[in-house]
Amino acid sequence: MKLTLSSVVAAPRERVFAALVDPAILQQCIPGCESLVEVSPDVFEATLKIGIAGLKGTYKGKATIRDRQPPASLTLSFEGKGGPGWVRGTSAIGLSSDDAATRVASDAEVQVGGLIAAVGSRLVEAAAKKLASDFFTELGAQLARSEGSVGPKGSVGPMGP
């Protein structure tokens, strides 16, 4: 299944890119994220609790960032499984300046199995769009609260005491 998603985040492209590769910010922004741990450079293990009908359950998985081209693009590969089934895929993510904001576009190729496949691609697509919308809303809020400073490893947040 192919998914195309886009959103505009009210922050400069460099800050949005830094946030998209910062596990602390991602954990706060990903809906239902219970844990997100960098296990090696650009490789993360996550536990998500999804509360959307048909997809409801706890998922454990791994995501890998590849092809980093800061601040323009990256590729994310992911796989996960839980009681309702499994998901795996890749997403090409591009960032472009849009006045004082950043347009984030994602073209994903996703495979699903188990009960997730049984609920149908329209429900999976609607759920993905809802989760992405919630993610980008929270990402924008996190960046607005961060006062514009960039900390260690590209993390966005307040510096000092």
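The values are calculated or read from the model by the stated rules, or taken from the named source; none is laboratory data. None of the values given here were measured: they were computed from a predicted structure. No Cβ is skipped: glycine too gets one built from the backbone with ideal geometry, and neighbour counts run over all protein chains shown. Note: areas computed on protein heavy atoms with side chains; ligands, DNA, RNA excluded. Shrake-Rupley method; radii C 1.70, N 1.55, O 1.52, S 1.80 Å.
Figures for the structure shown
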quantity	calculated
Carbon and sulfur %, accessible surface of the chain computed with the full protein complex present, 1.4 Å	56
On Cα atoms only, tilt of 121-145 relative to the major axis of the chain in degrees	20
Rounded FRET efficiency, nearest 0.05, which uses the C-beta distance separating LYS56 from LYS2 and R0 of 22 Å	0.35
Rg [Å, one decimal], Dmax [Å, integer] - the range 14-83, C-alpha atoms	12.7, 38
Rh (Kirkwood; distinct C-alpha pairs) - the range 57-119, Å	13.1
In sequence order, calculated HN-Hα J values of the range 17-26 (Karplus, 6.51, -1.76, 1.60; Hz; x Gly/Pro)	4, 4, 5, 5, 10, 9, x, 5, 6, 4
Tally of Lys pairs whose C-alpha atoms are under 17 Å apart, taken over the chain, 8 or more apart or cross-chain	12
Solvent-accessible heavy-atom area per residue, rounded to whole Å², over the range 1-129 at 1.4 Å	52
Helix-only CD estimate at 222 nm, as mean residue ellipticity for the chain, using -39500 (n - 2.57) per DSSP H run (n ≥ 4)	-8500 deg cm²/dmol
Extended-chain gain in nm, criterion 0.36 nm per residue less alpha-carbon gap, ARG145 and ASP67	25.2 nm
Contour minus Cα-Cα distance for LYS49 and ALA24 (0.36 nm per residue)	7.3 nm
Reciprocal mean inverse distance between Cα atoms of the range 47-90 - Kirkwood radius, Å	11.6
Calculated Rg and Dmax of the chain using C-alpha coordinates, Å	15.5, 51
Label point distance in nm, ALA10-THR75, each placed 7 Å from Cα along Cα→Cβ	3.5
Nitroxide proxy distance, nm - points 7 Å out along Cα→Cβ at ASP42 and SER133	3.3
GNM top mover of PRO41, PRO12, PRO23 - the chain, alpha-carbon springs below 10 Å	PRO41
